[in-house]
Structures are given as C-alpha cells and as structure tokens.
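Here the structure is laid out as structure tokens; the discussion comes afterwards.
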Amino acid sequence: MDQAVQNFVDKKRLAIVGASRSGKKFGNSAAKELTERGYEVFIVHPDVEMIDNLHCYPNLSALASEVDGVFVSVPAEQAKTVFKEAAEVGLRDVWLQQMADTPELIEYGEELDLNLVYGKCILMYAEPVRGFHNFHRMVWKFIGKL
C-alpha cells in the first residue's frame, strides 16, 4: 500500500462530501461503512441538517477543526470547489473517490498542495476490509496493482 493511502486511512475523523438525502449515493455507503470500521464521520451537505441519522455541516469551514481528512465523492465540477475550500481551511489530506477523478482535477489538487489520493476505492483500504472489497483487494494484490 502506498504511503499516501496509508496516511489517509490512519486518520479516524473524516469529513464526507457526497452523501445524499436519498441515501443512494456512494457517499452514504462510505459514511456507513467507515463508521462501522471505527471512523468518526462528519457529513458535509449545504442543504440538509441530517442524513442517515448524522448531523450535516454546511461546509468544510464549519468543521475543519473536527476532522483530519476529507473524503470526496461528488462529480469533478463540484469536487473542484471542495478542493479549494479544503485548502483554504487547512485540510490537506483528501481522498477523491475513483470515477470522480479527472486529469484537470488532479492537477488542481496538486496546485493546491493537497495530499491527494485518487483512482482508488477507500473501502478497499480502510480496515477491516470485507465482502466484495476484500475480494477486489485480493485480486489487485494478485495482479500487482496494490
């Protein structure tokens, strides 16, 4: 496992950007799974007060001192705003969920001097890894991608 990934999963208080009111987005699944794995999660959503029985914060500024990293699972155009705010409030450790990453967004994150993890699913690395993600992790180890 590379050092950026290890550094991120070692953090236990994470902001989650990308959970939805419907409960059907990957951000909701990640929040639930990470909570079950011992992480303290804080959902960022500008329009609602509660999602999945968790209090929501309107932005990263409202909780910057409470968290150690930011997990981002929103489309690239929204992620750019999240990156900018994370940098402004001093949150340097950012995980961009795979499929949300674009070359331009990654370059922007690097320009902001973020410790950026991208192209990977956090649930394959946050221990304990189980179910489908454990199988996927074993396959990646076997083919040399992990």
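Within region 67-79, is there a residue that is farther than 22 Å from Lys24 by Cα and among the polar types (S, T, N, Q)? No, region 67-79 contains no residue that is farther than 22 Å from Lys24 by Cα and among the polar types (S, T, N, Q). Taken over region 1-18, residues that are surrounded by fewer than 23 Cβ atoms within 10 Å (Cβ to Cβ) and not in a loop (DSSP other than H, G, I, E, B) amount to 7.
For Tyr118, the conditions (1) in contact with a Phe, Trp or Tyr (Cβ under 8 Å, 6 or more places away or on another chain); (2) hydroxyl-bearing (Ser, Thr, Tyr); (3) assigned to a helix (DSSP H, G or I) are fulfilled apart from (3).
Here's the yes/no breakdown for (1) among the polar types (S, T, N, Q); (2) within 15 Å of Val70 (Cα to Cα); (3) modelled with pLDDT of 95 or more; (4) surrounded by fewer than 18 Cβ atoms within 10 Å (Cβ to Cβ):
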| position | (1), (2), (3), (4) |
| --- | --- |
| Leu114 | no, yes, yes, no |
| Lys120 | no, yes, no, no |
| Met124 | no, no, no, no |
| Arg130 | no, no, no, yes |
| His136 | no, no, no, yes |
| Gly144 | no, no, no, yes |
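Taking the criterion of being within 19 Å of Val67 (Cβ to Cβ) and free of Cβ contacts under 8 Å to residues at least 60 places away in the same chain, the only residue of region 17-26 that qualifies is Ala19. Of everything in region 1-18 that is touching a strand residue (DSSP E or B) at 6+ places or on another chain (Cβ under 8 Å) and of a type in the set (Val, Ile, Thr), the residue that is nearest to Ala126 (Cα to Cα) is Val5.
The values are calculated or read from the model by the stated rules, or taken from the named source; none is laboratory data. In this text, all values refer to a predicted model and were calculated from it rather than measured experimentally. For neighbour counting, all protein chains shown are included, and Cβ atoms are generated from backbone atoms with ideal geometry for every residue, glycine included.
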